[in-house]
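Data block below; observations after.
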Amino acid sequence: MVETRKVGITDTSLRDAHQSLLATRMRLVEMLPIVEVMDQVGYHSLEVWGGATFDTCMRFLDEDPWDRLRQLRKGFKNTKLQMLLRGQNIVGYRHYPDDVLVEFIKRAVINGIDIFRIFDALNDLRNMEQAIRTVKEEGAHAQGTICYTISPLHDNDYFVSFGEDLKSIGADSICIKDMAGLISPYDAYELVDRLKKEVDLPIQLHCHYTSGMASMSYLKAAEAGVDVIDTASAPLAMGTSQPATDSMVAAFQRTPYDTGLDLKLLAQVSEHFKEVSCGYEIPRNVMGVDTNVLSYQIPGGMISNLSSQLAEQKSSHLLNDVLAEVPRVRSDLGYPPLVTPSSQIVGAQSVVNVLTGERYKMISTEVKNYLRGLYGKPPGEVNPELLKKVLKEDKPITGRPADLLEPQLEQAREDIADYLEQEEDVLSYIIFPNVAVDFFKRRKGELPPLQLNSSCNNGKAVNAVAEINEQPNLVQDLHLDALFNVDETLIWIDECNKVYPAG
């Protein structure tokens, strides 16, 4: 008799799916009409917050990310809500002190988050411990995350060992986060099987479809005993997003892995997002299949951005050179998994290396901080020549990066006293100072509201980035320094907000 292992579904349509395909531009007003139907489906959870959504809400959509969460929580009465937390980076691109991290988690729980998927771009356990501990203290579910990658250092032995480490610091479950679509079906089977047997925690698999293998990997993972898989509503699936919820549910019907979800309800959900997505322009290079990702390993959203950055430098013909340079830079930096912010750091340096015609002729602040150890410990040995060139006689720090940071909450509360309307505003300001202040000013009427494009009803594109790309006169020549802000929806550097003590 075949053992029945019902597979749970986490739907990413309200977060990662539109981050991957629509530059994170979906608005709350486009989500709320389908909430009641989605709440009836019976998902394991819905990913609705975190990642790039926090930044984008304030910067591009004139939305308060905390209000978005509260309204979604109010609508989803029966379904657990989940967020992506970047460990000590929270929802930003650098480390924040512990007082900020702890308060952020407390406020996220109060406002409606049930499950926190906690990761660190370098798989550095020290950057995850405080987050996992706090989530558990607040009574929420702490999902420890393995950032999956391929390198001479990373294999299933490494990932199983890291899974054991995550369990040792209190993780309630483990997610294998395959952000670039790299995991093959049989590697997925072996890794899930070993994690289930050797770590003995619930296992969730998160794959992007970039290489075209994700659905097959999900099937083999189900055979190995995976507990939950991440999918997206069909109109927001495939390409650099996740496999389609509708398709995976249909594939598992009448098998030992039957999800139990209703395809008729899922069809209603898909019809809604089909209408929503018609108001956006999805770039062709984020759809389809690209097995080259198995070499350069850049998450899908970065590919289109590297293309646009090169176009702005009138250097589109160099894209293949940049993609070839990415693995070399990654090797020099000790093979970090390419996920925010390490993917942006590696991608930006690769562009500059190619454009200048000389490797490391210019080195970004982010690479310097990486080499100093301010993002954590690189997985492998850093190129010693590069290390010497950048740090001279200095040595990388060996401790936990966040231990260098002073508390920020009280000072930040004083800084924005004139704009403070809720306690959560302090956190928004600390994480994205300039963006938050502009948002607060618009909210108070001191700045005009953003001019948002109309949605699908009158056929105009909502995605402002697409419209800008269609109007060359709006794109100005950039200096090379500008390339270090690689992806406007993923990484912005507030240079005036220096948080680490000077070298």
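Listed here are the residues, each with its yes/no results for (1) surrounded by fewer than 23 Cβ atoms within 10 Å (Cβ to Cβ); (2) closer than 22 Å to GLU129 by Cα.
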residue	(1), (2)
GLY163	no, yes
LEU166	no, yes
ILE176	no, yes
GLY181	no, no
ARG194	yes, no
ASP200	yes, yes
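Given the structure, is TYR186 surrounded by fewer than 21 Cβ atoms within 10 Å (Cβ to Cβ), modelled with pLDDT of 95 or more and either touching a Phe, Trp or Tyr at 6+ places or on another chain (Cβ under 6 Å) or over 16 Å from PHE119 (Cα atoms) (or both)? Yes.
Okay, residues lined up against (1) touching a helix residue (DSSP H, G or I) at 6+ places or on another chain (Cβ under 7 Å); (2) among the hydrophobic types (A, V, I, L, M, F, W, C):
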position: LEU310; (1), (2): yes, yes
position: GLN313; (1), (2): yes, no
position: LEU319; (1), (2): yes, yes
position: LEU323; (1), (2): yes, yes
position: VAL352; (1), (2): yes, yes
position: MET362; (1), (2): yes, yes
position: LEU371; (1), (2): yes, yes
position: LEU374; (1), (2): yes, yes
position: GLY380; (1), (2): no, no
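Those residues that are under 15 Å from LEU371 (Cβ atoms) and among the hydroxyl-bearing types (Ser, Thr, Tyr), I need them from the stretch 309-359; list them, please. Within the stretch 309-359, SER331, TYR335, SER342 meet the criteria. When residues in the stretch 202-216 are screened for being surrounded by 18 or more Cβ atoms within 10 Å (Cβ to Cβ) and either among the β-branched types (Val, Ile, Thr) or at positive phi (or both), 2 of them pass.
Identification of helices (runs of 4 or more DSSP H) wholly contained in the stretch 1-118 with 1 or more residues that are crowded, with 24+ Cβ neighbours inside 10 Å and at pLDDT below 95 yields 16-21, 53-60.
Checked against the criterion of being of a type in the set (A, V, I, L, M), under 27 Å from the mean Cα position of the chain (by Cα) and closer than 25 Å to LEU84 by Cβ, the stretch 378-392 has no qualifying residue. Would you check if ASP172 is in contact with a helix residue (DSSP H, G or I) (Cβ under 8 Å, 6 or more places away or on another chain), modelled with pLDDT of 95 or more, among the charged types (D, E, K, R) and under 25 Å from LEU81 (Cα atoms)? In short, yes. Taking the stretch 82-129 as the range and being without any contact (Cβ under 8 Å) to a residue 24 or more places away in the chain and among the acidic types (Asp, Glu) as the test, no residue passes. Being modelled with pLDDT of 95 or more, buried (at least 16 other Cβ atoms within 10 Å of the Cβ) and more than 30 Å from LYS274 (Cα to Cα) is a condition met by at least one residue of the stretch 442-453.
Is it the case that the stretch 142-160 has a residue that's on the phi > 0 side of the Ramachandran plot, buried (at least 20 other Cβ atoms within 10 Å of the Cβ) and touching a residue at least 60 places away in the same chain (Cβ under 8 Å)? No, there is no match, as no residue in the stretch 142-160 is on the phi > 0 side of the Ramachandran plot, buried (at least 20 other Cβ atoms within 10 Å of the Cβ) and touching a residue at least 60 places away in the same chain (Cβ under 8 Å).
The values are calculated or read from the model by the stated rules, or taken from the named source; none is laboratory data. Just so you know, these numbers come straight off a predicted model, no measurement behind them. Neighbour counts are summed over all protein chains in view; Cβ atoms, including those assigned to glycine, are modelled from backbone coordinates with ideal geometry.
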